[in-house]
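A.B. asks: Have a look at this one.
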Amino acid sequence: MNPIREVVATAVVLPDANVDTDRIIPARFLTTTVREGLGRNAFHDWRYAQDGKPDPKFPLNRVVGESVLVAGSNFGCGSSREHAPWALLDAGVRAVVSTAIADIFRNNALKNGLLALVVDEAAHHRLVEADGAVLCIDVAQGTISAGGMELARFTLDPFVRACLLAGVDELGYLMQREPGIAAYEEARACAV
Amino acid sequence: MHTPRTLFEKVWDAHVVEHAGADAPAVLYVDLHLVHEVTSPQAFDVLRARGLRMRRPERTFATLDHSTPTLPRGADGERPYTNAAAKAQVEALERNCSEFGVDLRGWGSAERGVVHVTAPELGYTQPGMTVVCGDSHTSTHGAFGALAFGIGTTEVGHVLATQCLLQRKPKTLAVTIDGPLGHGVAAKDVALAAVAAVGIAGGTGHVIEFRGSTVRAMDMDARMTLCNMAIEAGARAGMVAPDATTLAYLKGRPAAPRGEAWDAACRRWLALASDEGARHDREIAIDARTIRPSVTWGTDPGTAIAIDALVPAPHDVASRKALAYMKLEPGRALAGTPVDVVFVGSCTNARLPDLRAAAEILAGRRVHPRVRMLVVPGSEEVRRLAEAEGLDRTFLAAGAEWREPGCSMCIAMNGDVAAPGELVVSTSNRNFEGRQGPGARTVLASPATAAACAVAGAIVDPRTYLDTEAAA
């Protein structure tokens, strides 16, 4: 994973609450064995009109290039499919900012370098007002700004933040815990 | 004196390999890893790319359920996969299990089935365990007093390689359900009531402990239905303290301990219940006497109402959009709405008692000519037991389809889908837009309610077709 210190991308407001993982990537696109190529089907049934052309009313279709999704509350509820953050990243979404994000989606997103950030209501309101503006997310500082003006603050788990800033994934860290894992297994085998 | 601990805390504490610090989460040991074809191929690829082996293949239970057709082989001898990708996905798991030494309950295995149905019925899921799977409905296994939750594919890779996960300790929410259940009220109705009471995001960051006299009176199948839907309230896990019902269910199951090991296990398991005085971060109480046979009107599982209630007026943008998608009008009864498809199946409601409840209503009756009804057993074992008592013949005689085990129309990625605009009464767990096919409209209900709707060809109170002596 590449280090992520800063994300600079266009704010796109998707105000709907409870956007579930089936809306983000419908299940019929999950019959894949790779991570790549899911972007064209991100938000598929929402994003394309009946004729298969992009629906101009769908907010993400108005953006060229990378985006920061300013989403309604409880974004990413539903299934554990990591295909959801894979699809968003592949569709150019670099961050999702909401007042509430579902647990499994949030975990999955951050493990893939998709920033899943929770902000308070007032900050969210300011970000909604900034629809279409270029946002700058500073991972180390925990700030979101536009045109040099700070709009929102967020906190990340210190471990997650360190992984993002260093561009390391958690598997390497877990592999280094091997002696402790082996000791745990041995202690338990003796106890039972 | 020890500090009183909750059920969750006891299971958590017993699995901490390394405690959390300010700068790092806890390392949590995983006792049982459930694997299926959809969320695992990219994780096995990571192991291959890094030259890693699986740490504990013997703690891994793999099966095929999501992408698998529920129709038998065709005349050509081929399984009717919905597309080449689905077939390739199944073959990838077959290859991965063979390469990494995992015993796959695949095609032809009597132990194949929906992973959350088959692992418990074989006795793999046991009290006090940590259980994970790349599937949000892993919460089902919490019915046994296990800490069981869904993970993404990256974490599937972590467990394959290290048998551990990095976790921050969640909070706990006690949902106390007390009182007797009324006539025709099923565990599904209780689950829907619990989701409505907690709210679909109310459980975020929490593990739910379901407790109270209603839960104590439930059999294991009912408790699984309840815990299955904890995730629909945003909680990654739901748990029920093990008791005599849990032990009676597990005794003699193929993977359950035997002899002295069984006796020791029972003592350990019964000690898992939350201690007197243990504190939950939040508590909610539900009076079971207020729960009636229910159906959902919206596009999230928190929208259940009593089947004889009126569709509520929209209170925000989301509920207005939901009503428009569902083509329902506020202030009118849901009962009487025409139904196109009925699905009895899924990890929520495809165990034997669920099929019996549906068959009880269908016996001697016919599925309405307007309705296509699929009955999909949760596992090969459920199929075998159901056929042994003739449930399949009841379904077929009524005009329903009796399929092979799988997730089928719950996630609708195997070709079992509803057409745009069709209204599906479904015993599954999610009524999201498009969940059962683009434009398909889903109404969640219990197996009895679903079967009743199939007969009526419209949404109907299941008590219409049940013995009425208890109906008051």
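A.B. asks: Applying the selection to the stretch B:261-288, what residues are under 24 Å from B:Q126 (Cβ atoms) and among the acidic types (D, E)?
C.D. replies: B:D263, B:D275
Residue-by-condition table, conditions (1) modelled with pLDDT of 95 or more; (2) of a type in the set (A, V, I, L, M, F, W, C); (3) touching a Pro at 6+ places or on another chain (Cβ under 7 Å):
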position	(1), (2), (3)
B:D287	yes, no, no
B:P312	yes, no, yes
B:A324	yes, yes, no
B:V339	yes, yes, no
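One line per residue, one yes/no per condition, for (1) touching a strand residue (DSSP E or B) at 6+ places or on another chain (Cβ under 7 Å); (2) closer than 22 Å to B:L444 by Cβ; (3) at pLDDT 95 or above; (4) assigned to a helix (DSSP H, G or I):
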| residue | (1), (2), (3), (4) |
| --- | --- |
| B:N349 | no, yes, yes, no |
| B:P353 | no, yes, yes, yes |
| B:R356 | no, yes, yes, yes |
| B:R366 | no, no, yes, no |
| B:P369 | no, no, yes, no |
| B:M373 | yes, yes, yes, no |
| B:R383 | no, no, yes, yes |
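One line per residue, one yes/no per condition, for (1) touching a residue at least 60 places away in the same chain (Cβ under 8 Å); (2) assigned to a helix (DSSP H, G or I); (3) β-branched (V, I, T); (4) over 28 Å from A:Y184 (Cβ atoms):
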{"site": "B:V132", "(1), (2), (3), (4)": "yes, no, yes, no"}
{"site": "B:L166", "(1), (2), (3), (4)": "yes, no, no, no"}
{"site": "B:D189", "(1), (2), (3), (4)": "yes, yes, no, yes"}
{"site": "B:A196", "(1), (2), (3), (4)": "yes, yes, no, yes"}
{"site": "B:I200", "(1), (2), (3), (4)": "yes, no, yes, yes"}
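A.B. asks: Which of the helices (runs of 4 or more DSSP H) found entirely inside the stretch B:1-110 contain at least 1 residues meeting this: touching a helix residue (DSSP H, G or I) at 6+ places or on another chain (Cβ under 7 Å), crowded, with 22+ Cβ neighbours inside 10 Å and within 12 Å of another protein chain (Cβ to nearest Cβ)?
C.D. replies: Ranges flagged: B:41-50, B:84-100.
A.B. asks: Being more than 8 Å from chain B (Cβ to nearest Cβ), aliphatic (A, V, I, L, M) and over 28 Å from B:V132 (Cβ atoms) is true for just one of A:V7, A:V93, A:V19. Which residue is that?
C.D. replies: Matching residue, one of A:V7, A:V93, A:V19: A:V7.
A.B. asks: Follow-up question, since we're still on this one. Suppose we filter A:P158, A:P179 for residues that are without any contact (Cβ under 8 Å) to a residue 60 or more places away in the chain, surrounded by fewer than 14 Cβ atoms within 10 Å (Cβ to Cβ) and within 18 Å of the chain's Cα centre (by Cα); which single one remains?
C.D. replies: Criteria check complete, one pass: A:P158.
A.B. asks: Mind listing whichever residues of the stretch A:23-55 are assigned to a helix (DSSP H, G or I), crowded, with 24+ Cβ neighbours inside 10 Å and within 8 Å of chain B (Cβ to nearest Cβ)?
C.D. replies: A:R23, A:A27
A.B. asks: Any chance the stretch B:415-426 includes a residue that's among the acidic types (D, E), under 19 Å from the mean Cα position of the chain (by Cα), within 14 Å of another protein chain (Cβ to nearest Cβ) and assigned to a loop (DSSP other than H, G, I, E, B)?
C.D. replies: Among the residues of the stretch B:415-426, at least one is among the acidic types (D, E), under 19 Å from the mean Cα position of the chain (by Cα), within 14 Å of another protein chain (Cβ to nearest Cβ) and assigned to a loop (DSSP other than H, G, I, E, B), which makes the answer yes.
A.B. asks: Something else now. For the stretch B:131-183, enumerate the residues that are of a type in the set (S, T, N, Q) and either at the interface with chain A (Cβ under 10 Å from one of its Cβ atoms) or buried (at least 24 other Cβ atoms within 10 Å of the Cβ) (or both).
C.D. replies: B:S136, B:T138, B:S139, B:T140, B:T153, B:T154, B:T162, B:Q163, B:Q167, B:T172
A.B. asks: What residue, of B:V159, B:V185, B:V175, is β-branched (V, I, T) and assigned to a loop (DSSP other than H, G, I, E, B)?
C.D. replies: Among B:V159, B:V185, B:V175, only B:V185 is β-branched (V, I, T) and assigned to a loop (DSSP other than H, G, I, E, B).
A.B. asks: Return the pairs, sorted by first residue and then second, in which the second residue is of a type in the set (K, R), the first residue lies in the stretch B:308-322 and is more than 10 Å from chain A (Cβ to nearest Cβ), the beta carbons are less than 7 Å apart, and the residues are 6+ apart or on different chains.
C.D. replies: Once the first residue is more than 10 Å from chain A (Cβ to nearest Cβ) and sits in the stretch B:308-322, its partners that are of a type in the set (K, R) give B:L310/B:R332; B:V311/B:R332; B:P314/B:R320.
A.B. asks: Another one. Of everything in the stretch B:1-34, what is within 24 Å of A:A189 (Cα to Cα), out of contact with any Cys (no Cβ under 7 Å at 6 or more places or on another chain) and of a type in the set (V, I, T)? Give them in sequence order.
C.D. replies: Correct list: B:V11, B:V16.
A.B. asks: Continuing with this model, one more query. If I filter the stretch A:61-73 for residues that are within 14 Å of chain B (Cβ to nearest Cβ), over 16 Å from the mean Cα position of the chain (by Cα) and not in a loop (DSSP other than H, G, I, E, B), do I get at least one hit?
C.D. replies: Looking through the stretch A:61-73, none of the residues is within 14 Å of chain B (Cβ to nearest Cβ), over 16 Å from the mean Cα position of the chain (by Cα) and not in a loop (DSSP other than H, G, I, E, B).
A.B. asks: Go through (1) under 18 Å from B:G205 (Cα atoms); (2) touching a residue at least 12 places away in the same chain (Cβ under 8 Å) for A:D90 and report which single condition fails.
C.D. replies: (1)
The values are calculated or read from the model by the stated rules, or taken from the named source; none is laboratory data. Keep in mind the model is a prediction, meaning the values are calculated, not measured. Quick reminder, even Gly has a Cβ in these numbers, built from the backbone with ideal geometry, and neighbours come from all protein chains shown.
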